[in-house]
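See structure below.
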Amino acid sequence: MTAESKDRDGKTYYLLEYEIELPNQLPRHNVASVAVSRGKLFTFNLSTTTDRWSKVKDTFEVAARSFTVR
C-alpha cells in the first residue's frame, strides 16, 4: 500500500505499510520498518486486524519510525 525510505545515521530505513489476508480469511494491516546493519537484515513488524487499524494507525507509525539499528 505504501513504502518509503529514509536515511538516518548512515543507514537506510524502509517503512512499509501493507495488508494481508490470513488463511482463515481474516484481513490484517501491517507496518514494518526494515534496515541492514553489520551485514544482517533487521525488521520491526506491527500487525492488527483491519477493523482495529484506524484506532492504532498513529501509534504504529510512531513505533515503526522509532526503530533503529546500530
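The values are calculated or read from the model by the stated rules, or taken from the named source; none is laboratory data. Just so it is clear, the model here is predicted, and its values are computed rather than measured. With ideal geometry, Cβ positions are generated from the backbone for all residues, glycine too; neighbour counts draw on all protein chains shown. Accessible surface areas use protein heavy atoms only, side chains included; no ligands, DNA or RNA. Shrake-Rupley method; radii C 1.70, N 1.55, O 1.52, S 1.80 Å.
Cβ-Cβ contacts under 8 Å between residues 6 or more apart (or on different chains), taken from a first residue in region 6-21 that is closer than 17 Å to Val62 by Cα and modelled with pLDDT of 95 or more to a second residue that is among the basic types (Lys, Arg) and not in a strand (DSSP E or B), are listed as Leu15/Arg65. All conditions but one from (1) over 19 Å from Glu61 (Cα atoms); (2) open to solvent by less than 50 Å² (accessible area, probe 1.4 Å); (3) touching a Ser or Thr at 6+ places or on another chain (Cβ under 8 Å) apply to Leu26; the one that does not is (2).
Residue count for region 45-55 under the criterion of being closer than 13 Å to Glu17 by Cα and open to solvent by less than 70 Å² (accessible area, probe 1.4 Å): the result is 5.
Scanning region 12-23 for residues that are open to solvent by 100 Å² or more (accessible area, probe 1.4 Å), within 16 Å of Met1 (Cβ to Cβ) and not hydroxyl-bearing (Ser, Thr, Tyr) yields one hit, Glu21. In the set (1) without any contact (Cβ under 8 Å) to a residue 40 or more places away in the chain; (2) surrounded by 12 or more Cβ atoms within 10 Å (Cβ to Cβ), Gly39 fails one condition alone, (2). For region 58-70, the tally of residues that are within 17 Å of Ala3 (Cα to Cα) and either touching a Pro at 6+ places or on another chain (Cβ under 7 Å) or loosely packed, with under 14 Cβ neighbours inside 10 Å (or both) stands at 3.
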